[in-house]
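The values are calculated or read from the model by the stated rules, or taken from the named source; none is laboratory data. Fair warning: this is a prediction, and the values are worked out from it, not measured in the lab. Every residue, glycine as well, gets a Cβ built from its backbone with ideal geometry; the counts of neighbours run over all protein chains shown. Keep in mind that these areas ignore ligands, DNA and RNA; they rest on the heavy atoms of the full protein, side chains included. Shrake-Rupley method; radii C 1.70, N 1.55, O 1.52, S 1.80 Å.
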Amino acid sequence: RYNIVATSPWNLSLLTRLGIHGFLIPRHVDDVYANKYFNDGERELDAVAICTTYGGFDRKRTRETYQIFKELNLKYAMVCEYDFCTHRPFSLTQEDKYRLLSKSRVLVNLSSSEGFGMPFAEALSVGTPVVYVNSPYVNFIPSGTYSYPIEPTSIYVRENPNFPVEILPWYDVDM
């Protein structure tokens, strides 16, 4: 029998419903770094995306995010496992992650299958707004100064022989 560590009450409740024994060790925003980097100086990057997915299933739409960043000619940073990413998962220290988030104008998360995760909280803690797909998992986040929901139907993806996906424009958010 295994004990599974969950970092969120939602994940723990899911494990429990599945009959899996687990316990909660919550992760939290690091107040020291959040305070140190809150609205700290120049926003050198247009966008940052943290897409730590493994196993070939790109549920965080990493390739689409990359293609949008390139199409818009954005200065960006991406944390993911693909060759086009600027940082590998778990390669940044906590401080480096908060610094990176604070230097970006926006955190972009195009996943429609996950909720309000730590990257959202960490970005908001340093004053970086988030662009995210409006879904039942995050529909409680009020849109406004620090959050910009986009509708899932405004992201159009189709197969393309030259790249795994082709993105047609969704970026109608006025920031």
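Scanning region 97-123 for residues that are modelled with pLDDT of 90 or more and under 22 Å from Pro26 (Cβ atoms) yields Lys97, Tyr98, Leu101, Leu107, Glu122, Ala123.
Look at region 43-55: where a residue is surrounded by fewer than 20 Cβ atoms within 10 Å (Cβ to Cβ) and a partner is of a type in the set (Ser, Thr, Tyr) and at pLDDT below 95, sitting 6+ places away or on another chain with Cβ atoms under 7 Å, you get Thr53/Thr62. For residues in region 73-113 being among the hydroxyl-bearing types (Ser, Thr, Tyr) and part of a loop (DSSP other than H, G, I, E, B), which is least open to solvent (accessible area, probe 1.4 Å)? Top of the filtered list is Ser111. In summary, Lys36 fulfils each of the numbered conditions (1) more than 15 Å from Val126 (Cα to Cα); (2) open to solvent by 70 Å² or more (accessible area, probe 1.4 Å) with the single exception of condition (1). When the residues of region 31-58 are filtered to those that are of a type in the set (A, V, I, L, M, F, W, C) and assigned to a loop (DSSP other than H, G, I, E, B), which remaining residue is modelled with the lowest pLDDT? That would be Phe57.
When residues of region 9-30 are filtered for being free of Cβ contacts under 8 Å to residues at least 60 places away in the same chain and either open to solvent by 70 Å² or more (accessible area, probe 1.4 Å) or outside any helix (DSSP H, G or I) (or both), how many remain?
Residues that pass the stated criteria total 13.
Would it be correct to say that Thr62 is of a type in the set (S, T, N, Q) and at pLDDT below 85? Criteria not met by Thr62.
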